[in-house]
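Everything on this sheet refers to the single structure shown next.
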Amino acid sequence: MKFVEPQVFLIGETRIDAAQVKEMLGAIGGSIATEWFSKTQKASRSEGELLTEVAGRLCYKSFGVGLNPNVTKIRQSSEEYIQNTLSKGDGSIFEHATCTFAFINVSRVFTHELVRHRVGVAISQESLRYVRPSELSFWLPPELAGKKAKVKTIVENIEGSYKDLEGEFDWESMNFDVKKRITSALRRIAPDGMATSIIWTANHRTIRHVIAMRTAEAAEVEIRYVFDKVARTMKEKFPLIYADFEHTELPDKTRSWRPKYVKA
Ligand SMILES: Cc1cc2nc3c(=O)[nH]c(=O)nc-3n(C[C@H](O)[C@H](O)[C@H](O)COP(=O)(O)OP(=O)(O)OC[C@H]3O[C@@H](n4cnc5c(N)ncnc54)[C@H](O)[C@@H]3O)c2cc1C
């Protein structure tokens, strides 16, 4: 067995096609809209935020005064615009842009909790029906830090029992379908804490919600640990969409993140 640490990789995110956006804005709002876009794009730090703002402003044609006779002034900066939509609870515009994360060396405890979040997500999880482990990897929760040697022995014993049972089968003679069925049966022996991996895509509305729920002090330690990393990445890469998130330090060195605007 080996001890591992959960790892978080942001492996994908929504990009825009700036030429197409500009052409579209020209079609609906002429030079007022295209000039707004050029100015906003130059100041923008993230394409996901830019897309969110384009989508939001399209609703009222608020790219500039003169496009919608009902609009006599507009919010000039992206900071002001995004902050206002968050404060009003206009959460749906935050569904346009997504991020894709790879969570590696996470346990089945973690993945089971993660997949409870149903809305606005796509999931691909390592199949332990297909993938037969050659070694058990395990993350040691801080609560067991003082018992590392004992945990190691326990996991090694399980690993040994797994190998024993695995050795009862003639793998060479099996076709892939039979291997899959035996592998799936054998995984029942493995512990919940066994490390695995999962790819998780979610839109920003969902990421905001899951960060708030899963970094709460009452949340389970591993998902809190992982979503603390997610929150830090989101704050850095999407400073406007996550501007209202503030954190408190928890005794186990993770952070609990709370948004000012919960409904969004
Ligand atoms: C600290 C903590 C302890 C927990 N303990 C337990 C436990 O003991 N047992 C247990 O089973 N679960 C437990 N959970 C899981 C929890 O009950 C939720 O299933 C999980 O957090 C998913 O959140 P969500 O319901 O907001 O779903 P999401 O899929 O993230 O949905 C986002 C939002 O969309 C809306 N929504 C989603 N689906 C529907 C729907 N079908 N109808 C109407 N509105 C919808 C809701 O407003 C929801 O908040 C716990 C979670 C936490 C954070």
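Bear in mind that the values in this text are calculations on the coordinates, not laboratory data. If you're wondering where the values come from, they're calculated on a predicted model, not measured in any experiment. Ideal geometry is used to build each Cβ from the backbone, glycine not excepted, and the neighbour counts take in all protein chains shown.
Before moving on, here are some points about what is shown:
- If you check 87, 78, 92, 38 for being of a type in the set (S, T, N, Q), within 16 Å of the ligand (Cβ to nearest atom) and out of contact with any strand residue (DSSP E or B) (no Cβ under 9 Å at 6 or more places or on another chain), only one passes: 92.
- Residue pairs whose Cβ atoms lie under 7 Å apart, separated by 6 or more positions or on different chains, with the first residue in region 219-244 and on the phi < 0 side of the Ramachandran plot and surrounded by 22 or more Cβ atoms within 10 Å (Cβ to Cβ) and the second of a type in the set (S, T, N, Q) and in a helix (DSSP H, G or I), are 240/78; 241/52.
- Search result, residues across region 186-197 that are of a type in the set (A, V, I, L, M) and either in contact with a helix residue (DSSP H, G or I) (Cβ under 7 Å, 6 or more places away or on another chain) or surrounded by fewer than 18 Cβ atoms within 10 Å (Cβ to Cβ) (or both): 186, 189, 190, 194
- Considering only residues in region 18-31 that are touching a residue at least 12 places away in the same chain (Cβ under 8 Å) and within 24 Å of residue 45 (Cβ to Cβ), the one that is surrounded by the fewest Cβ atoms within 10 Å (Cβ to Cβ) turns out to be 18.
- Matching entry among 264, 231, 202, 219 (being more than 26 Å from residue 4 (Cβ to Cβ) and either touching a Leu at 6+ places or on another chain (Cβ under 8 Å) or within 16 Å of the ligand (Cβ to nearest atom) (or both)): 264
- On inspection, residue 253 does not qualify as away from the ligand (no atom under 14 Å from the Cβ) and under 19 Å from residue 99 (Cα atoms).
- Residues of region 57-74 classified as outside any loop (DSSP other than H, G, I, E, B), exposed (fewer than 14 other Cβ atoms within 10 Å of the Cβ) and basic (Lys, Arg), total: 0
- Boolean, residue 128 is in a loop (DSSP other than H, G, I, E, B) and crowded, with 16+ Cβ neighbours inside 10 Å: yes
- Apart from one condition, residue 183 fits all of (1) within 17 Å of the chain's Cα centre (by Cα); (2) more than 16 Å from the ligand (Cβ to nearest atom); (3) crowded, with 18+ Cβ neighbours inside 10 Å; the exception is (1).
- Of all residues assigned to region 243-253, none qualifies as being of a type in the set (Ser, Thr, Tyr) and under 22 Å from residue 117 (Cα atoms).
- Number of residues in region 146-205 that are touching a residue at least 40 places away in the same chain (Cβ under 8 Å), assigned to a helix (DSSP H, G or I) and either under 30 Å from residue 252 (Cβ atoms) or hydrophobic (A, V, I, L, M, F, W, C) (or both) equals 9.
- Search result, residues across region 221-250 that are within 11 Å of the chain's Cα centre (by Cα) and not aliphatic (A, V, I, L, M): 227, 228, 229, 233
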